[in-house]
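Written out below as structure tokens is the structure these notes cover.
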Amino acid sequence: MAFETINVEVEDHVALIRLDRPDALNALNQQLVRELCQALEEADANDKVRCIVVAGSDKAFAAGADIKEMAKLGFVEVFNADLFADVNDRITAIRKPIIAAVSGYALGGGCELAMACDFIIASETAKFGQPEINLGVIAGIGGTQRLTRFVGKSKAMDMNLTGRFMTAEEAERSGLVSRVVPVKKLMEEVMGAAHKIAEKSRMSVLAAKEAVNRSYETTLSEGIRFERNAFHSMFATEDQKEGMNAFLEKRQAQFRDK
Ligand code: DAK
């Protein structure tokens with residue numbers, strides 16, 4: 001199916017999904033959320049894809065949920081539609097790694113979308129914020145939950161209560177983003193990271209993602225037990241033999257996802 005609010009390209013084992021509503025700074029309307037979730041699920045099911053990138057434009061990753069679309073809704077409609085549940089539920093069900101490439105505004109639902117990805121690489125112009133408080137509402141897709149876990153209570157309170165924006169530099173310092181690069185280098189850096197991931201054994205990539213995410217859902221001792229079990233299970237794979245033998249033989253590993 002052709003998408004109208006996003007563009008999707010698959011090249012060299014990486015699916016690049018670009019949000020494409022430039023007139024609204026990529027604000028997330030229901031069509032975009034539907035198309036994005038569908039594209040992510042298709043990439044997850046596509047054997048050629050080994051890593052997924054979600055990007056916006058230089059000016060905006062996404063300036064939040066679409067205020068024009070939301071303004072007229074009432075409680076009964078948003079409750080019955082379970083508005084935006086998909087952004088959390090369907091994106092976090094994706095097993096392959098998802099990198100968010102953030103340049104410009106990542107606000108409200110845009111910041112939450114970036115945080116629902118596995119890690120964020122940002123350009124120097126990126127601005128993160130949860131400004132929902134200015135609209136008489138609060139964050140609804142993890143802005144009070146994920147942000148608090150990533151940057152701590154004090155900054156999360158500051159962002160959610162004042163609605164101020166965080167610069168890329170502050171976001172990197174606070175642990176919200178993994179790397180910051182000049183805007184012209186952003187996609188090169190992100191695609192470089194995606195291709196590096198695509199070279200690894202599929203099973204260890206999926207297991208590593210699942211284990212890191214488990215740390216947000218469980219106690220430390222249960223998380224470490226989960227990690228250890230996953231680590232042990234890797235020894236049932238041919239790729240474990242290949243990876244370790246390649247190291248000993250001083251050559252590049254040729255993983256076969258077996
Ligand atoms: N929605 C719709 N249109 C938006 C938009 C948005 N979030 N952000 C920007 N636009 C549109 C503007 O209306 C403008 O369109 P025209 O007027 O030209 O037709 C165009 O994009 C360019 O925007 P500006 O002219 O404002 O551009 P500037 O460079 O001057 O300012 C800005 C950029 C990003 C600072 C500014 O546009 C801005 O403050 N935007 C709103 C940011 C914001 O408040 N974001 C949070 C949205 S609320 C829920 C779960 C989650 C949520 C809701 C419910 N449930 C579970 C029920 C999430 C809520 C949100 O994200």
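The values are calculated or read from the model by the stated rules, or taken from the named source; none is laboratory data. Please read all numbers here as calculations on a predicted model, not as lab measurements. Counting neighbours? That spans all protein chains shown, and the Cβs are built from the backbone with ideal geometry, glycine included. What goes into the accessible areas is simple: the full protein's heavy atoms, side chains included, and nothing from ligands, DNA or RNA. Shrake-Rupley method; radii C 1.70, N 1.55, O 1.52, S 1.80 Å.
Protein chains only, probe 1.4 Å: how do MET159, MET191 rank by accessible area, largest first?
The ranking, largest first, comes out as MET191, MET159.
Taking a ≥ b ≥ c as the square roots of the eigenvalues of the Cα gyration tensor of the range 166-250, is the shape rounded (a/c under 1.5), prolate (a/b larger than b/c) or oblate?
Verdict is oblate for the range 166-250.
If I ignore ligands, DNA and RNA and count only protein heavy atoms, how much of ASP158 is accessible to a 1.4 Å probe, in Å² to the nearest 10?
Accessible area, nearest 10 Å²: 50 Å².
When N is the residue count of the chain, what does its C-alpha Rg come to as a fraction of 2.2 N^0.38 Å?
Scaled against compact globular proteins, the figure is 1.04.
For the peptides 101-107, 208-214, what is the packing order when you average, over each peptide's residues, the other Cβ atoms within 10 Å and list the highest mean first?
Ranked by mean Cβ neighbours within 10 Å, highest first: 101-107, 208-214.
Roughly how many Å² is the accessible area per residue of the chain, as a whole number, for a 1.4 Å probe?
Averaged over the residues of the chain, the accessible area is 54 Å².
Give the percent of DSSP beta bridges with both residues in the range 30-178 that are antiparallel, rounded to the nearest 5.
20
At 222 nm, what helix-only mean residue ellipticity would the chain give, in deg cm²/dmol to the nearest 500, using -39500 (n - 2.57) for each DSSP H run of four or more?
Computed ellipticity for the chain at 222 nm equals -13500 deg cm²/dmol.
Restricting the count to DSSP beta bridges whose residues both fall in the chain, what percent are antiparallel, rounded to a multiple of 5?
30
Which percent of the accessible area of the range 114-167 is formed by carbon and sulfur heavy atoms (probe 1.4 angstrom)?
Answer for the range 114-167 is 59 percent, counting heavy atoms of protein chains only.
Between the alpha-carbon centers of the range 14-59 and the range 191-258, tell me the distance in whole angstrom.
Centre-to-centre (Cα) distance: 26 Å.
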